[in-house]
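First up is the structure itself, then whatever we jot down about it.
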Amino acid sequence: SRDFGEMPVQSLSGAQIENWLHGLALSPKSTNNFRSRLSALFIYAICRHYLSANPIDGITPIKDVAKPPEIFTPEELTAVLTHAEPEILPAIVIGAFAGLRTAELLRLDWREVDLSRGFVHVSALNAKSARRRLVPITDNLAEWLRPYAGHAGKMYGAPLGVYHKQCRALAAHAGLSHWPKNGLRHSFASFHLARWQDAARLSLVMGHQTAAMLFAHYRELVTPESAARYWAIRPAETKDNVVPLKLSL
C-alpha cells in the first residue's frame with residue numbers, strides 16, 4: 001500500500017510490478033524471491049476470482065550469476081596457521097584439510113579423530129545430511145594433528161560466536177582483509193579437486209550425494225601448481241619445540 005496506494009489489484013500491470021521490483025535495488029536472488037511471493041499472492045487472487053490472469057507471468061526472473069566461492073590461497077592459509085592459537089589450530093586444519101562444515105567442527109570430539117586408522121569420523125548426529133561418513137586424514141593433516149594425540153573431550157570447546165570472533169581476529173593478525181565465508185571448506189573442495197581430479201570421491205568425502213552441489217557452491221578454479229603448494233603446508237619441528245610452518249615450493 002505504501003507504493004501503490006489504493007490502486008485496485010486488477011489494475012496492476014506487469015510493467016508496473018517489474019519497475020517496482022527493480023526499484024527495490026536488491027540482489028538478484030532477493031528480487032526473484034519477491035517475484036515468487038507476489039506470484040503466489042496473484043495465484044490466490046485468481047483462485048478467488050479477483051483476477052483472470054497473473055501479471056507476474058510476464059516478468060522474467062533475473063539471472064542470478066553466482067559469485068565464485070571465497071577460498072584461502074596457500075600463502076594466506078600459511079599465514080593463518082602461523083598465527084593460530086593452540087586451542088583453535090585443530091579446528092582450522094581439519095576444516096582446511098578435511099573439509100568439515102563449521103557445525104561439524106564444533107561438534108567434533110577427539111575420540112572421532114582416529115590418527116591410527118587415518119580417518120575423521122563424522123557421526124550421523126553431527127552431519128548436516130544425517131549420514132555418517134569417514135573423512136581420510138591426509139599426510140599433512142596427520143602431521144598437524146599428531147601433537148594432539150591422546151587429547152580427550154571436545155576438539156574445540158567454545159560456541160559458534162566465539163569461533164567466528166576468533167577467526168576474524170586470526171584473519172586480521174594474518175594480514176587478511178576478512179575471513180572468507182566458509183573459506184576452509186571451500187578451499188578444501190577447490191584444492192582437493194585440483195589435486196586429485198575426482199569429483200565423485202570428493203562429493204562423498206564432503207557428505208554430498210552428487211557432484212552437482214560441489215560444482216555449484218564449493219569449487220573455485222585453482223591451478224595444479226597452487227594445489228600442490230596447498231597440500232604441502234606442514235608444521236616443521238625445531239629444537240625449541242616451536243612449530244613453525246613449512247610451505248614447500
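Each reported figure results from applying straightforward, stated rules to the coordinates on display, with no laboratory input. Only a predicted model underlies this, so the values are computations on that prediction, with no experimental measurement involved. FYI the Cβ positions are ideal-geometry reconstructions off the backbone, even for glycines, and counts take in every protein chain you see.
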Next on the checklist: Let me check I've understood the local charge: for T31, count other residues with C-beta under 14 angstrom from its C-beta, Lys and Arg +1, Asp and Glu -1. What total comes out?
Outcome noted: +2
Next on the checklist: If the only charges are +1 at each Lys and Arg Cβ and -1 at each Asp and Glu Cβ, what is the size of the charge dipole of region 74-247 around the Cα centre, to the nearest 20 debye?
Outcome noted: 540 debye
Item to check | Gain on full stretching of the segment that runs from A103 to Y163 - 0.36 nm per residue minus C-alpha separation | outcome: 20.6 nm
Checklist entry - Once amide H atoms are placed 1.01 Å from N in the peptide plane, what residues at a sequence separation of 5 or more from D109, or on another chain, have their amide H within under 5 Å of its amide H? => result M155
Checklist outcome for this item: Under the 7 Å Cα-to-Cβ spin-label approximation, H178 and L24 lie apart by a distance in nanometres of 2.2 nm
Checklist entry - Counting pairs of Cα atoms in the chain, how many percent are more than 22 Å apart? => result 62 percent
Checklist entry - What is the gain in length, in nm to one decimal, between F34 and R48 on full extension, counting 0.36 nm per residue of separation less the C-alpha to C-alpha distance? => result 2.9 nm
Item to check | Dipole in debye (nearest 20) - region 158-237, about Cα centre, beta carbon charges: Lys, Arg +1; Asp, Glu -1 | outcome: 180 debye
Item to check | Total lysine pairs under 22 Å (Cα atoms) in the chain, excluding pairs fewer than 8 apart on one chain | outcome: 8
Checklist outcome for this item: Expected unfolding gain across F215-W110 under the 0.36 nm per residue rule, minus the alpha-carbon gap, is 34.7 nm
Checklist entry - Where does the charge balance sit around S123 when Lys and Arg score +1, Asp and Glu -1, over other residues with C-beta under 10 Å from its C-beta? => result +1
Next on the checklist: What distance in nm lies between label points placed 7 Å from Cα along the C-beta direction at D198 and E225?
Outcome noted: 2.6 nm
Checklist entry - Once phi is turned into θ = phi - 60°, what whole-Hz ³J(HN,Hα) does the Karplus curve with 6.51, -1.76 and 1.60 give for every residue of region 99-111, x standing for Gly and Pro? => result x, 5, 5, 4, 4, 5, 4, 6, 8, 5, 10, 4, 5
Checklist entry - Using only Cα atoms, what Kirkwood radius does region 9-58 have, in angstroms? => result 11.2 Å
Checklist outcome for this item: Charge dipole of the chain built from unit charges on the beta carbon (Lys, Arg +1; Asp, Glu -1), centred at mean Cα; most positive-end Cα among G175, G58, S39 is S39
Checklist entry - Hey, what number do you get for the chain at 222 nm if only DSSP H runs of n ≥ 4 count, each worth -39500 (n - 2.57), divided across all residues, to the nearest 500? => result -12500 deg cm²/dmol
Item to check | Surrounding net charge for L21, when Lys and Arg each add one and Asp and Glu each subtract one, Cβ distance under 12 Å | outcome: 0
Checklist entry - Sequence-distant or interchain residues sharing an amide H contact under 5 Å with G99, placed H: which? => result none
